[in-house]
Amino acid sequence: MTITDAAPATRRWALPRPDRRSGLVLAMTVALVGLTVAIGLPFISAPVPAADLRMPWWLLAVGFAATEACVLHIEIKREAQTVSISEFAIVLGLFFATPLDLLMGHLIGSAAILLFHRRSSMLKTIWNLSSLSLQIAVAVALFQLIGAGHGETGWLAWLGAYAGCIGANRVSVLAVALVMAIYDGGLRPVAVLRDVVTGDAATPVAVTLGLLAVTSLSTTRGAALLLLVTGVGLLLGYRAYAALSDRHLSLERLYRFTQAVSRSPEVDEILGNVLAEARELLRAERAEVAFVASAGGDVAHVRLGPSGRLSRAEEPQAPEDEWLLSAVVADGEPLLLPRGTREPEQRRWLDAQGARDAVVVPLRGGAGILGALVVTDRLGDVRTFENDDVLLLETVANHASVALQNGELIDKLRHEAMHDALTGLPNRAFLQRRLAAALDDVRDGRSPGAAIMILDLDGFKEVNDTLGHQQGDLLLIEVAERVRTAVGQVGVVARLGGDEFAVLFDGGDEDRAVRVGRRVLRSLEHPISLDSMEVEVGGSLGIALAPAHATDPAGLLKRADMAMYHAKSSTKGLRVYEPDLDSNNPGRLSLVAELRTALNTGLIEVHVQPQAWTRSGEVGSVEALVRWRHPERGAIPPDEFIPVAERSGLIGPLTTRVFDLSLAALADWRRHGVDLGTAVNLSTRSRHDADLVEEVGRLLRRHAVPAARLTLEVTESSVMVDPARATALLDELRDLGVRLPVDDFGTGSSSLSYLKRLPVHEVKIDRSFVAGLHDRGGDVAIVRAIVDLGRHLGLEVVAEGVEDQETWGQLAAMGCHLVQGWHLGRPMPTGDLVPWLRERASDPAAGPALRVV
């Protein structure tokens, strides 16, 4: 028995392509031939068991050709197998022919079927013949070793026939598994072992029938006619039963398909079900729908991939496509392109698609024929598409047409429910759904943030009152188009109602939101022509960011709306929400005024905290920390007043004040013989100050402090928001000569590729990791990794939050360069630093030896 695998065949007579898989198959073919010679050569001259009835090779060739031509089809899911009863002819050859005649008859008969009936490729034909040769060699060897010399009716001769045919079948199963592993990219040993052990259940039946034929022919030659008639009748009966079973299965699948598409409201889901079921029902390799996409003749293809996902492509119409679509779409007629067709147009289309056979039927819609439903490449090498397959695919297409019309209607209703009828933009309901989904992504960490902008037109009421609602509608349509063009693919534009619009996009970058907002406002600067007159409208735009301003849709929309109303009273027409805008928070409003007063009256101070080298204990630098001691409230934490300064526009004067006080302290220490460096934190807003570099240079010159003594710390998260912009600013500061560390390293969304390119000199390990060193848990590995990374990149590593000597020792052992924390010294006024240094240097019991460098 031979089994034909389901791998796609190449075109008839095509030479093997010089690729890796073809090379492996050819190498396997050579190995099979070598095994055939090694196994079969010792038995090539074995005598015929039944010498009085000898079959010539040509008669065996006819028998093998007949068994290979009249095959049984077994199709399971996506696999198609073709089973022949060639074991029947092998048994006859074992008893009534020489081994050489048996081999020649099998090869010649099978080659004729493979080449002229199945039209197999040259590579597959060669491989099949080499496999058949090895099967004959194994069958002859086992038969001769077990049953030689025991006549036609001896039980050992029968046992030898069973062993030979079953062994040949197992060789066939193993060979097919190996070649399928070459095409599928891997061998499944468990499945192969199971197939080798179980084999084909029909093999013993075919061998039994062959032995009955041997016994009958040994008794009387006239039994040949009776055996022939009985065998043909059984074969035709089974084929009729298989065809009936196949039709029943197709009807059952078609019923399940109609249920599936009737429940599918989405067009994409309907197309996916249609293509999947068309491929299954017709047992094809590929299925697609081709639509005429435009008047220019482009063809839109919707294909179902192996993974079950739909793919789309719009391609120019090739001459072959033009022929097919004109026949199917224009004329509404199905096409059957069987394997081996001689029609020139059909042959050209199949060659262009790289297909062997195909069925194409029209796909109809409410407005006529929409396109063509195409299936190509029937599984297996024997069967091709037939007229029954055309009728089956037409049935699938008819059900699909009804389902598509229902799906299009539902899609239309959904679109109308979620879009503004006048402008075609998404409406408030759509925006709220998208906003809720975007905030869910932010909350779950899948997105860094979201921004919402609300635009209200200025002067729309006057246009409506003067020119009428019809002109007002035209104005809104034009504004919608301008806003949509200005936003582009960045975000979603929606109409909230009246003359109010909204824009939603991912990412919580304020600079990006402001750029898009300004682009929207600029799009409204040009006059709009209405009824032979030009009118001008402006806009007021408010921006709110998530998660900075709110994390729920209602809260974020409220804050964007609040910012929009404040923008109406400003000259710029654009405002980003700030907590100070909230009229329900008078305490925050008073804090802004008091911070401005503190800056003007000198109530803002700078304290410093020392940093020391871990190995020597020498103090090398300090970190400047801003402090505000309110005359009534006492000390106000920086976490409370720095955000107020950023949102109120006071961050610039505050940063200048900190720079000025820090550099003044440095100059004073140098006059007392203490040469230290100082580190100042640079806020995110300060990085956007165009005058920052010039301001730093001016203050360095004013206090006569070398630039190398000033360190400007930037946080990792602020750098990763806009790496390109941050890199450009840091390059300018580096050229100025200041030192640049990355603060709080490891707490943000790190990008090692950017860290390698940033012009920084050191990294600071956040105190949250340093505090966990006592637990000997994951923080130890994180700190060690950061230290090793810094050292390999040539950066100094500073650890902050060191609270005891044990932590100091651990960091020193890891190779950390500098430490900072209460164990070394608490933050202190700048005037207390020099006395503290001298006191520590003179106290041997104070810990590590500290001295001024």
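Quick note: the coordinates plus some simple rules give every number you see, no bench work behind them. Note that the structure is a prediction, hence the values are computed from the model and not measured. Reconstructed Cβ throughout: ideal geometry from the backbone, glycine too, with neighbour counts over all protein chains shown.
Which of the GluC sites (Glu not before Pro) found in region 484-533 are loop residues per DSSP with 13 or fewer other Cβ atoms within 10 Å of their Cβ? Answer by residue number: 525.
Using 0.36 nm per residue, how much length does the chain from residue 693 to residue 323 gain when fully extended, once their Cα-Cα distance is taken away?
Gain on stretching residue 693 to residue 323: 126.3 nm.
Calculate the FRET efficiency for residue 418 and residue 601 from the Cβ-Cβ distance with a Förster distance of 41 Å, rounded to the nearest 0.05. About 0.15, to the nearest 0.05. Pairwise inverse Cα distances across region 403-552, averaged and inverted, put the Kirkwood hydrodynamic radius at 16.5 Å.
Remark: spin-label model distance residue 731-residue 469 equals 5.8 nm, labels positioned 7 Å along the Cα→Cβ axis. If the segment from residue 33 to residue 351 were pulled out straight at 0.36 nm per residue, it would be longer than the present Cα-Cα gap by 111.2 nm. Spin-label model, residue 229 to residue 632: label points 7 Å out along the Cα-to-beta-carbon direction sit 12.2 nm apart. Any idea how far the Cα center of region 315-339 sits from the one of region 494-524, in Å? A separation of 47 Å, based on Cα centres.
If the label point is 7 Å along Cα→Cβ of residue 433, which residues in region 457-495 have backbone nitrogen under 17 Å from it? Inside the label zone: 492-495. The modelled label-to-label distance between residue 298 and residue 671, using points 7 Å beyond Cα along the C-beta direction, is 7.5 nm.
Solvent-free Debye calculation, one equal scatterer per alpha-carbon of region 482-632: log10 I(q)/I(0) at 0.15 Å⁻¹ equals -0.90.
All C-alpha pair distances within region 596-666, sorted into 10 Å bins from zero, spread as 17, 46, 24, 11, 2 percent across the bins. Distances between placed amide hydrogens fall under 5 Å for residue 447 paired with 442, all partners being 5 or more residues away or on another chain.
Highest-first packing order for the peptide set 830-838, 204-212 is 204-212, 830-838, based on the mean count of other beta carbon atoms within 10 Å. Compared with the alpha-carbon gap, the fully stretched path from residue 116 to residue 58 is longer by 19.1 nm at 0.36 nm per residue.
3J(HN,Hα) along region 661-668: 5, 5, 5, 4, 5, 4, 4, 5 Hz, from the Karplus curve 6.51 cos²θ - 1.76 cosθ + 1.60 with θ = phi - 60°, whole Hz, x for Gly and Pro. Ordering 694-706, 609-621 by mean Cβ neighbour count within 10 Å, with the highest value first, yields 609-621, 694-706. Highest average first, the peptides 512-521, 336-345 ordered by how many other beta carbon atoms sit within 10 Å of their residues are 512-521, 336-345.
Applying 1/(1 + (r/R0)^6) with R0 = 41 Å to the Cβ-Cβ distance of residue 26 and residue 774 gives a FRET efficiency near 0.05.
Coupling constants for region 20-32 follow from the phi torsions by the Karplus curve (6.51 cos²θ - 1.76 cosθ + 1.60, θ = phi - 60°), and in residue order they are 5, 5, 4, x, 5, 5, 5, 4, 5, 4, 4, 5, 5 Hz; glycine and proline get x.
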